[in-house]
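Some notes on the structure that comes next.
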Amino acid sequence: MNFGERLNHIPARCAILCAGFAVMAFGIAFSIKAGLGTSPVSSVPYVASAISGLSVGTTTILVNTLFVVFQILLLRRRYQWIQLLQIPAAVLLGVMIDLGGAVIAGIPCQGYLQRWALCAVGIVLVGAGVGIEVMAKLVTTAGEGLVLAICQVAPVKFGNMKIIFDLSLVSLAIAASLLWFGRLEGVGEGTVAAALWVGLVAKLLAAPMRRLEETFLK
């Protein structure tokens, strides 16, 4: 798809991007509610929230803004300033995470099986949100943007770098939570499940999303 075709559908693509962020945000909210560990990309914001007392949505905005700064430092003159749109996208996602948490606050979460059920809902929603976001083809999340920036300056494939990036975030979250609380916060079996299944859910939805894009955006 060329740039002109994208411009012809900016309102629709913005609406799709917002929908993707909303679905993703509710997925993150469900994973937090489950208490089994968030997805790797949310692990650092969750621990930062626990340490600072700020909401997870707020720390998500701050962490993603930091990711954008890292992109600029890495790419310098090669940085595409249109990617600064990742910051308002991060603000939108952060606000929706807090909103999602408030909406589902009344859902009961008692017992290990129920916690896993909520965790599974969160994984599916995050994967679906990623798939919808990709279909919009407007702007990546700041985390994905940082991975892409690293791949531009280092001879590493995107898939491999994404794994390294996620492992680095989880390791940082583990270190920070152990140093601050003496126990794990935001990292657990749910984190492992999310690492394994979110990408798979997004891949399973890729073909239906392409068909929807061809139907409504071309």
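Placing +1 on the Cβ of each Lys and Arg and -1 on the Cβ of each Asp and Glu in the range 1-120, which of 31, 114, 104 has its Cα farthest towards the positive end of the resulting dipole?
It is 31, whose Cα lies furthest towards the positive end.
Around residue 24, what is the net charge, scoring Lys/Arg as +1 and Asp/Glu as -1 over all other residues with Cβ under 14 Å from its Cβ? Before the final figure, lay out the partial values.
Details: positive: none; negative: 98, 133, 144.
That works out to -3.
Calculated from DSSP H runs of 4 or more alone, at -39500 (n - 2.57) each and per residue, what is the 222 nm mean residue ellipticity of the chain, nearest 500?
Calculated mean residue ellipticity at 222 nm is -26000 deg cm²/dmol.
With N residues in the range 122-218, what two-decimal value do you get for its Cα radius of gyration over 2.2 N^0.38 Å?
Rounded to two decimals, the normalised Rg is 1.28.
Using only the Cα atoms of the range 53-170, build the gyration tensor, take square roots of its eigenvalues as a ≥ b ≥ c, and label the shape rounded, prolate or oblate: rounded if a/c is under 1.5, else prolate if a/b is larger than b/c, else oblate.
The shape class here is prolate.
What number, in percent, do you get for the relative contact order of the range 12-90 if the mean sequence gap of Cα pairs under 8 Å and at least 6 apart is divided by its residue count?
18
Using only Cα atoms, find the angle between the long axis of helix 142-153 and the longest principal axis of the chain, and express it within 0 to 90 degrees, rounded to the nearest 10.
60
With a 1.4 Å probe and all protein chains kept in place, how much accessible area does residue 23 have, in Å² rounded to the nearest 10?
Surface open to solvent at residue 23 totals about 40 Å².
Over the range 87-218, what is the relative contact order in whole percent, taking alpha-carbon pairs under 8 Å and six or more residues apart?
Relative contact order of the range 87-218: 34 percent.
For the chain, what is the largest minus smallest coordinate of the Cα atoms on each principal axis, given in angstrom and ordered from greatest to least?
For the chain, the Cα spread along each principal axis is 51, 38, 28 Å.
Beta carbons within 10 angstrom, averaged per residue: use that to sort the peptides 147-160, 190-203, highest first.
With the highest mean Cβ count within 10 Å placed first, the list reads 190-203, 147-160.
The values are calculated or read from the model by the stated rules, or taken from the named source; none is laboratory data. What you are looking at is a predicted structure, and each value in this text was computed from that prediction instead of being measured. So basically every Cβ, Gly included, is an ideal-geometry build from the backbone, and we count neighbours across all protein chains shown. Each accessible area value is taken on the protein alone, full model and side chains, heavy atoms only, with ligands, DNA and RNA left out. Shrake-Rupley method; radii C 1.70, N 1.55, O 1.52, S 1.80 Å.
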